[in-house]
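What follows is calculated from the coordinates using simple rules that are stated; it is not laboratory data. None of the values given here were measured: they were computed from a predicted structure. Positions of Cβ are backbone-derived with ideal geometry, glycine not excepted, and every protein chain shown enters the neighbour counts.
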Amino acid sequence: MEGTIERLHQEMDNKERGSGDRWLHNELDTLLKVHHEIVTIHDATAPDAPPAPSRPPAAEQCCGDGAGEGFGCGKPVNGGTSALGAVFHKECFVCAQCGGDLSGGFYEDNGYAFDDADCMRKHKQEHMSEEEKAKLPRCGGGAGPGMGCGEICFPGTGGTNALGAQFHSGCFSCAKCKGDLSGGFCEEGGSAYCSPECMRP
Ligand SMILES: [Zn+2]
Ligand SMILES: [Zn+2]
Ligand SMILES: [Zn+2]
Ligand SMILES: [Zn+2]
């Protein structure tokens, strides 16, 4: 009987020692301790964080600085509305074309804000340089005689493409009588005619 109890004790001991769980637990404990020490040491020796770059005083910012030219009043602004990479007086951040309210959202183009696409288009046309305008197609440019009004066709304004040329909507009409061509046309020499009668020289 004595011997059996002795043996049981030994077995339990062996089990304890051989238990992988326990071993892992102890090892983890040690690792955590070491990690904690490293972190503590690191914290103690960490150099002071570099000071955050000081922002220029808000008063030095001017209304609309950085946005499109002439957008915003250009006077110093403190707080206000931030948009387009600039700061505006609340009352200065309005549609660059019509002065409309932008609190419900806005269209952005080239540093300007607009309340609708129409204002954006108009503004673009009015502020376009002659150079830029020269690159735009002319109504009927490239088509035959009598076609188109010859004015600039601004992008996004609709219109008709025909005879290898661009036309304002309403400008694609019979080269002779200016009649409607929506029902089809006869073509001669790059010009469109509503009927064979108009096409006759
Ligand atoms: Zn302003
Ligand atoms: Zn507008
Ligand atoms: Zn035209
Ligand atoms: Zn005609």
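Structure notes:
- Classification of region 58-126 by its C-alpha gyration tensor yields a prolate form. The axis ratio a/c (a ≥ b ≥ c) is 1.5 or more, and a/b outweighs b/c.
- Less than 5 angstrom separates the built amide H of C62 from those of V77, all sequence-distant by 5 or more or on a different chain.
- Per-residue Karplus couplings for region 107-120, computed as 6.51 cos²θ - 1.76 cosθ + 1.60 with θ equal to phi - 60°, are listed in order as 8, 10, 8, 6, x, 10, 10, 9, 7, 8, 5, 5, 4, 5 Hz, Gly and Pro entered as x.
- Using the Karplus relation 6.51 cos²θ - 1.76 cosθ + 1.60 with θ = phi - 60°, the per-residue 3J(HN,Hα) values for region 132-137 come to 5, 4, 4, 7, 7, x Hz, with x marking Gly and Pro.
- GluC sites (Glu not before Pro) restricted to region 122-190 and DSSP loop, no more than 14 other C-beta within 10 Å: E151
- For region 53-201, fraction of C-alpha pairs farther apart than 22 Å, in %: 56 percent
- Taking a sphere under 13 Å around the Cβ of C198 and counting the other residues whose Cβ falls inside, with K and R at +1 and D and E at -1, yields a net charge of -1.
- Using 0.36 nm per residue and subtracting the Cα-Cα separation, the extra length available between R200 and E187 on full extension is 3.6 nm.
- Computed from the C-beta positions of N78 and K135, the FRET efficiency with R₀ = 41 Å rounds to 0.45.
- Computed over the Cα atoms of region 135-201, pair by distinct pair, the Kirkwood hydrodynamic radius stands at 11.7 angstrom.
- Region 135-201, relative contact order [Cα under 8 Å, separation at least 6], %: 28 percent
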